[in-house]
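The values are calculated or read from the model by the stated rules, or taken from the named source; none is laboratory data. Because the structure is a prediction, the values reported are computed rather than measured. When we count neighbours, we look across all protein chains shown, and the Cβ atoms used for this are built from the backbone with ideal geometry, even at glycine.
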């Protein structure tokens, strides 16, 4: 192969003048972490709410929740990010639009909101599946004890449902991290974008991509093992697994 | 808000969007789904009935693909394939690979990992007695797999395979990072040329939504029809 390997490249100074190539990747890694963590919090909050609405008996509430899920699941994430980044500032009143466009770090906020909402539809499906998987008696027992419907959800249904859906939620969490790389298209300097920059400055394509691959793998491993430990701690005696 | 929404630009560019863009997207989706399914089935078989070494390698490959972001994998293949081509053909320098071939190979290899997991789940869900029965009838292991197990797996897993293909259809929009002219790429070229970002991206979103929504409704209907009652 005519490719010239140079693994020492990461310790050489980058032309950006702020440190080495390794520092560039590190900064990208931190951005990936930040945007994924924020998006995940958003996805979990909205996704849980929509998932609960979807499990309610009222057909209209159910329909609205379903419409939300279908809308966000059937448009590619890339297109959704473009809608948030390019289209939204034009559709709101002009003053707001200007404010949105001048927002410092706009790709970050757009990436976080876009990714969070995209993932919230998937979380919602998991949450409502988890709720549907519980035996009917749980809700009946709750109401028989005199709990109101919200209390039933808060103290009985949700704690059980979240335990049931822990494994799929873990993979959605990893999906959030992976999908955050799509935000490079709106100019977010996350890990994949920084890897591309390293490659363009240094011409060391495969070293840069190998480093990114290893970082993503380690990140996956960390999330999976942390969630597995968490799952074990939360496990209730007498219910599933163990 | 919608007062200067220009429907005409959509109308004017629709032939280009669909003839160039959508054709690219659909061709890429179908070919990579087909290749990915063939390769994925082979991977699943290798993982289940291959030797220890082979199944470890395949498991490693599947897990690697499933834990990397698609965007990174697209870049990997885009730069790696010319060198691989050089290595295979023994050419003096990295060979030139077109954007479409590069994307096709990427999606086929990437989706193979996901399809193989679906197929593996399907194969393992078939009762063990079936392959014992096949072997007892004097069929070889390969014949049992081909005539008894796999036809049932394809049938029960069809909805999942199609759902994965819808996901793939959406994911092909990521070839945007290679500046290829798929449906979204075409829309975005017009958007930038004519300064009509709002119209083009809204229209692209609507088209993707309609196709994916109708397709997933059809899959849902199919699901109830192909289900084998046990």
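Taking the numbered list (1) within 30 Å of the chain's Cα centre (by Cα); (2) within 14 Å of chain A (Cβ to nearest Cβ); (3) not in a helix (DSSP H, G or I) in turn, residue B:96 passes all entries but (2).
Just to be sure before I move on: is residue A:168 more than 12 Å from chain B (Cβ to nearest Cβ), modelled with pLDDT under 95, under 27 Å from residue A:75 (Cα atoms) and part of a helix (DSSP H, G or I) in the structure I sent?
Working: more than 12 Å from chain B (Cβ to nearest Cβ): yes; modelled with pLDDT under 95: yes; under 27 Å from residue A:75 (Cα atoms): yes; part of a helix (DSSP H, G or I): yes.
Against the criterion (more than 12 Å from chain B (Cβ to nearest Cβ), modelled with pLDDT under 95, under 27 Å from residue A:75 (Cα atoms) and part of a helix (DSSP H, G or I)), residue A:168 qualifies.
Taking the stated definitions as given, is residue B:160 touching a residue at least 60 places away in the same chain (Cβ under 8 Å) and either in contact with a helix residue (DSSP H, G or I) (Cβ under 6 Å, 6 or more places away or on another chain) or within 27 Å of residue B:98 (Cβ to Cβ) (or both)? Answer is no for this residue. Of the residues making up region A:65-88, none is away from chain B (no Cβ under 14 Å) and farther than 30 Å from residue B:165 by Cα. Every condition in (1) over 16 Å from residue A:123 (Cα atoms); (2) under 20 Å from the mean Cα position of the chain (by Cα); (3) touching a residue at least 40 places away in the same chain (Cβ under 8 Å); (4) within 14 Å of chain B (Cβ to nearest Cβ) is met by residue A:107 except one, and the failing one is (4). In region A:196-212, the residues that are buried (at least 21 other Cβ atoms within 10 Å of the Cβ) form Cβ pairs under 6 Å with partners that are not in a helix (DSSP H, G or I), at six or more places apart or across chains, as follows: A:204/A:6. For region B:193-204, indicate whether the set of residues that are touching a residue at least 60 places away in the same chain (Cβ under 8 Å), more than 9 Å from every other protein chain (Cβ to nearest Cβ) and closer than 30 Å to residue B:44 by Cβ is non-empty. No, there is no match, as no residue in region B:193-204 is touching a residue at least 60 places away in the same chain (Cβ under 8 Å), more than 9 Å from every other protein chain (Cβ to nearest Cβ) and closer than 30 Å to residue B:44 by Cβ.
So which of A:46, A:9, A:69 ends up being in contact with a helix residue (DSSP H, G or I) (Cβ under 7 Å, 6 or more places away or on another chain) and free of Cβ contacts under 8 Å to residues at least 60 places away in the same chain?
On the way: A:46 fails: free of Cβ contacts under 8 Å to residues at least 60 places away in the same chain; A:9 fails: free of Cβ contacts under 8 Å to residues at least 60 places away in the same chain.
Of the residues listed, the single one that is in contact with a helix residue (DSSP H, G or I) (Cβ under 7 Å, 6 or more places away or on another chain) and free of Cβ contacts under 8 Å to residues at least 60 places away in the same chain is A:69.
Considering region B:119-138 alone, what residues qualify as being over 30 Å from the mean Cα position of the chain (by Cα) and surrounded by 14 or more Cβ atoms within 10 Å (Cβ to Cβ)? Those that are over 30 Å from the mean Cα position of the chain (by Cα) and surrounded by 14 or more Cβ atoms within 10 Å (Cβ to Cβ): B:134, B:135.
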